[in-house]
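Only one structure is covered here, and it is reproduced in the block below.
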Amino acid sequence: MLGRLNHVALAVPDLAAAIAAYRDALGAAQVSAPQALPEHGVTVVFVDVGNTKIELLEPLGDASPIAAFLEKNPSGGMHHVCYEVDDILAARDRLEASGARVLGDGNPKIGAHGKPVLFLHPKDFFGTLVELEQA
Ligand code: CO
């Protein structure tokens, strides 16, 4: 069921500063344009590092799901890892049968790549928020 690591996401307080750090200081060659995702409460940039991507997330709007995370981690921090799966509904059913908690109403949402995504409760996966994306 578990496929490739699609991306590692970092919550950042200042997206422009994070882009500058990745592009100019770290020398990342492939940095996407910022994309506002109001239904997810974030603005997102993807840094392609060849074998995976780094997703930089900045809060968007008043009810951003990463606002509380940034209150606890004001300089930013690792927010989630995203794995690819072939069939997201089959993956959800298998995880729920194993006792894992799927966040929200359990139905996939369309994520930043235009593909269905789900999030799994961090307490079920060793303190790490896990995103699944249908590849
Ligand atoms: Co993500």
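Read-outs: derived from the displayed coordinates by stated rules, not from any lab. Given the structure is predicted, the values throughout are model-derived calculations rather than measurements. Positions of Cβ are generated from backbone atoms using ideal geometry, with glycine treated the same way; all protein chains shown enter the neighbour counts.
Look at where the Cα atoms of region 20-92 and of region 101-135 average out, and the two centres are 13 Å apart.
Here LYS109 is the anchor, and the aspartates and glutamates within straight C-alpha reach of less than 15 Å, apart from those fewer than 8 places off in the same chain, are GLU39, GLU84, ASP87, GLU131, GLU133. Put in line by how crowded their Cβ is, counting other Cβ atoms within 10 Å and starting with the fewest, MET78, MET1 read MET1, MET78. Give the cross-link partners of LYS115 among the lysines, using a straight C-alpha distance below 23 Å as the criterion and excluding same-chain residues fewer than 8 apart. Excluding near neighbours in sequence, the set is LYS53. Taking the Cα centre of region 2-134 as origin and assigning +1 to Lys and Arg Cβ atoms and -1 to Asp and Glu Cβ atoms, the resulting dipole is close to 200 debye.
Spin-label model, LEU2/ALA20: points 7 Å from Cα along the beta carbon direction are separated by 3.8 nm. Across the chain, Cα-Cα distances exceeding 24 Å account for 28% of all pairs.
Rounded to the nearest 10 degrees, the inclination of helix 88-97 to the longest alpha-carbon principal axis of the chain is 60 degrees. Given all pairs of different Cα atoms, what value in angstroms does the Kirkwood hydrodynamic radius of region 32-85 take? Result for region 32-85, one decimal place: 12.1 Å. In percent, rounded to a whole number, the relative contact order of region 2-134 is 25, using alpha-carbon pairs under 8 Å and six or more apart.
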